[in-house]
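Only one structure is covered here, and it is reproduced in the block below.
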Amino acid sequence: MKKIVALLLALILVMGLTPVLAEQHEEVTLTVGSIWSAESEANRAPFLQTLAEFEEAYPWIHLEVDWNEANAWKEKGETLALSDSLPDVMYWNAGGVLWNLVGSGDILALNDYLTEDIMARIEGGTLTDMTFDGKIYELPYTKACSMLYCNTELFDKYGVKIPETWDELIAAVEAFKAAGVTPMTVGGADQWPTNMYTDIIALRYAGDAACRAAYYKTEGATFMTQDWLDGVAAFQQLIEIGAFPDNAASLTRDESEVAYFAGEIPMYVHGQWFAGSLSAEMQQKVKAVKFPAVGKGYDNQFMGGAAEGFCVSAYTEHPDEAFIACQFLAEHQSKNGFIAGAGLPAWKYDFSAYTDTINPVMLQIVAETSSADSFLLWGNTALTGDDAVLIGETVFDVLKGEMTAEEWCEEMETIFE
Amino acid sequence: MKRVLSNKWSIMVFVLPTLVFFTYIVTIPIVKTIWYSLLSEIPAIAKDSHFVGLDNFIKLFTPARRNAFPGAVLNSLMYAGVSVFIQLPFSLILALLISSGIKGESFYRNAYFIPVVISSVVVSMLWQRIYKDILPAGLELIGLSEPKNGFLANSNTKMWAVFIPSLWQYVGYHMLLMYGALRSIPSDIIEAAIVDGASGPRLAWSIQIPMIKPMLKVCLSFSLIGSFKLFDTPWVLLGRDAKDLPALYMYVTMFSSHKYSLASSAAVFIVVECLVFTVLLNYIFREQNERQPGRARRLSGK
């Protein structure tokens, strides 16, 4: 009898200890490479909240965050990759920029970790530019797209209609010009903001399939078509009728946006993150709309897609924990970023409780893009290395008036050689 | 102590830590950069990396529409010319004026030196405001307009817009070096020259400038090498993707185009260019030094 009681007691003791033992985890410290070092970054506050939520959910995984400025991180990350010393988890762009690291074996494929449950929570189509040869290397936290931001106060003041077609856009530019208002702005010195204009105009003329083929260098793709030519010529038309400031080519993005924030510029084409930079007052004045149609039938196509996310270094000593962190940061930043008005969500979540507090411009973007036909990454993100530099330089030359549409097409065609 | 220093093994033990450290952080990176410049691409990013000899250097100078390197080298040579023929003479004139005992000598000396102690990035940002706001506003006041696309994007003005702040910033640096050399000339020589009737330009040309030649050589070396390595000011003023100077070309080729071997060959070229000009400068000055003893011998009749 004593033996049975002792055995039972021992059994109870072991069973009682099991959950305690199961809850025990080895303390792990992971390094995280992040952008959003500046306090003014729309994504910074939500990311701090995401980190706090992670700390609460996984107290045994400690995250050491290395904060960087976006461009500086791109350069630093590439340098760290060369010495196989990337952080365990890191922010990174998708498309060609990701491919640079995947191609050299620096990024861990996540397929083995992605359960059906996780995959079901990710918005459809967002993994396109994070997947290579069937392997998923990055998880998105936001969906990007470029929009035409119209200052309704200026449109009302000068009696101009918000453009829906190319002709209406030209008419709006001319009307503002006649009233002494600079119609649009662009930070030419940084090159990539000009791509925002040329990419969306080219998309309207050539369509997603032709642009995608060219940016991803698919066999048979070409820039030597009438559609590409018309697209670049249309951008030149905007320059020629004075849509941009005279010194647009020497303005950085920050400088170019100052006048818009001050309510002096009626139109601006930029990414959805721009909505997060608008003040509460400006959010009430700005309306984000689709870029005008040119009559080619590609009106509901957008530039953008999931171009940013989190990935895991192939050299991490803790791949399981690194994946947990990567997935958590991507999913929660998607939620927190959208609630804060910093970006569109790339993960499914019920936001009905936050409708009153979310940036109204961001809600307009969600409404405009909810039935989008397609999203295509910007040329300078989809293309890699020298090709990405070339599209930036050539578009800059067009902005400066030093390159014709024909020359642009011919020079871009050289990327297929 | 003498016994320790005369022992070669002891010397080796003392030198070894520095030698190892220097080799690790200087020699190995330089050798690696040279090696990378001779490869098709660095092994870290290309599995088929192979030796291509001088192909990358040939590529640097092969004329092509988007090959910015030859133009970048020309721009750096132009900047070197402007530094040598405008910046240094101007610094010398300032040094001569300030060291001539003018009233407020200390104030002027410090005032001209202030731009040197300010970070180049800050100076560049100040000049950015001048080019983008102040100068266009001033031109508008007198009925003129800024060049097409602004001073910093116009092909005719952008390099000058970069050169001017760089020249302005380092005038004080060269001035101070020359001023120090002028101040170290023994006063009895100056006084003797004045007694002999030399003054102003004659004193400067015949006495002061010849006596500070070693310092002028130092300034010339710094100025030339600085011209070929110029990076921070144009990087801020022209934007991140500008390739108008060799160091900018190297940076963009490495971090935007991801052509590490080509960028390494640009880096090697910059180092070789600096070395060639330094050796050339030493040769020119040595020639003059060598001529002087001969001249002295002839004068003394020996």
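Couple of notes before you dig in:
- Inter-part distance where the stretch A:81-120 and the stretch B:118-194 are each reduced to a Cα centre, Å: 47 Å
- Residues of the stretch B:204-229 with amide N under 15 Å of the 7 Å Cα→Cβ point at residue B:280: B:220-229
- Computed packing ranks the peptides A:69-80, B:101-112 as A:69-80, B:101-112, most packed first, by mean other Cβ atoms within 10 Å.
- Accessible area of residue B:280 (1.4 Å probe, protein heavy atoms only, ligands and nucleic acids ignored): about 90 Å².
- Stretch gain in nm, segment residue B:51-residue B:14, where the contour uses 0.36 nm per residue and the Cα spacing is subtracted: 9.5 nm
- Between residue A:165 and residue A:40, the C-beta separation translates, for a Förster distance of 45 Å, into a calculated FRET efficiency of about 0.80.
- The sum of -39500 (n - 2.57) across all DSSP H runs of n ≥ 4, divided by the residue count of chain B, sets its helix-only mean residue ellipticity at 222 nm to -21500 deg cm²/dmol.
- Cα-centre dipole for the stretch B:38-300 with unit charges at Cβ (Lys and Arg positive, Asp and Glu negative), debye to 20: 320 debye
- Short-range pairs are left out: with C-alpha atoms under 8 Å and at least six residues apart, the relative contact order of chain B is 26 percent.
- 20 Å cut-off, amide nitrogen to a point 7 angstrom out along residue A:410 Cα→Cβ, residues in the stretch A:211-243: A:222-237
- Residues A:66, A:84, A:199, B:244 ordered from highest to lowest accessible area at a 1.4 Å probe: A:84, A:66, B:244, A:199.
- Reachable lysines, given that their alpha-carbon falls under 19 Å from the alpha-carbon of residue A:157 and they are not under 8 places away in the same chain: A:177, A:285, A:287
- For the stretch B:240-261, the residues whose backbone nitrogen is under 17 Å from a point 7 Å from the Cα of residue B:74, taken along Cα to Cβ, are B:243-247, B:249.
- Packing-based ranking, highest mean first, of A:24-35, A:237-248, B:7-18, B:165-176 given that Cβ atoms within 10 Å are counted: B:165-176, A:237-248, A:24-35, B:7-18
- Per-residue ³J(HN,Hα) for the stretch A:334-339, Karplus 6.51 cos²θ - 1.76 cosθ + 1.60, θ = phi - 60°, Hz, x for Gly and Pro: 4, 5, 5, x, 5, 4
- On full extension, the segment bounded by residue A:66 and residue A:299 gains 79.8 nm, given 0.36 nm per residue less the C-alpha separation.
- Shown is the FRET efficiency for residue B:272 and residue B:86, computed with R0 = 22 Å from the Cβ-Cβ distance and rounded to the nearest 0.05: 0.25.
- By the rule of a C-alpha distance below 17 Å, with chain neighbours fewer than 8 residues away ignored, the lysines paired with residue A:400 are B:132, B:148, B:158, B:243.
- By accessible area, using a 1.4 Å probe on protein heavy atoms only, the stretch B:38-300 has 67% of its surface on carbon and sulfur.
- Added length on full extension, which subtracts the Cα-Cα distance from 0.36 nm per residue, residue A:55 to residue A:259: 69.4 nm
- Here each label is just a point 7 Å from Cα along the line to Cβ, and for residue B:156 and residue B:114 those points are 3.4 nm apart.
- Compactness of the protein assembly as shown - radius of gyration and Dmax, Cα, Å: 31.7, 129
- Lys/Arg +1, Asp/Glu -1 at C-beta; the stretch B:149-238 dipole; positive extreme among B:237, B:224, B:175: B:237
- Measuring only protein heavy atoms, the 1.4 Å probe finds residue B:5 accessible over about 100 Å².
- Selected from A:89, A:389, A:102 as most flexible by GNM, with chain A as the system and alpha-carbon contacts under 10 Å: A:389
- The calculated FRET efficiency for residue B:28 paired with residue B:168, based on their beta-carbon distance and R0 = 41 Å, is about 0.60.
- Straight-line cross-link partners of residue A:135 among the aspartates and glutamates, defined as a Cα under 13 Å from its Cα and at least 8 positions apart when in the same chain: A:112.
The values are calculated or read from the model by the stated rules, or taken from the named source; none is laboratory data. Bear in mind that the values here come from a model prediction, so they are computed numbers and not experimental data. Backbone-built Cβ (ideal geometry, glycine too); neighbour counts: all protein chains shown. Please note that ligands, DNA and RNA were not included when accessible areas were found on the heavy atoms of the full protein model with its side chains. Shrake-Rupley method; radii C 1.70, N 1.55, O 1.52, S 1.80 Å.
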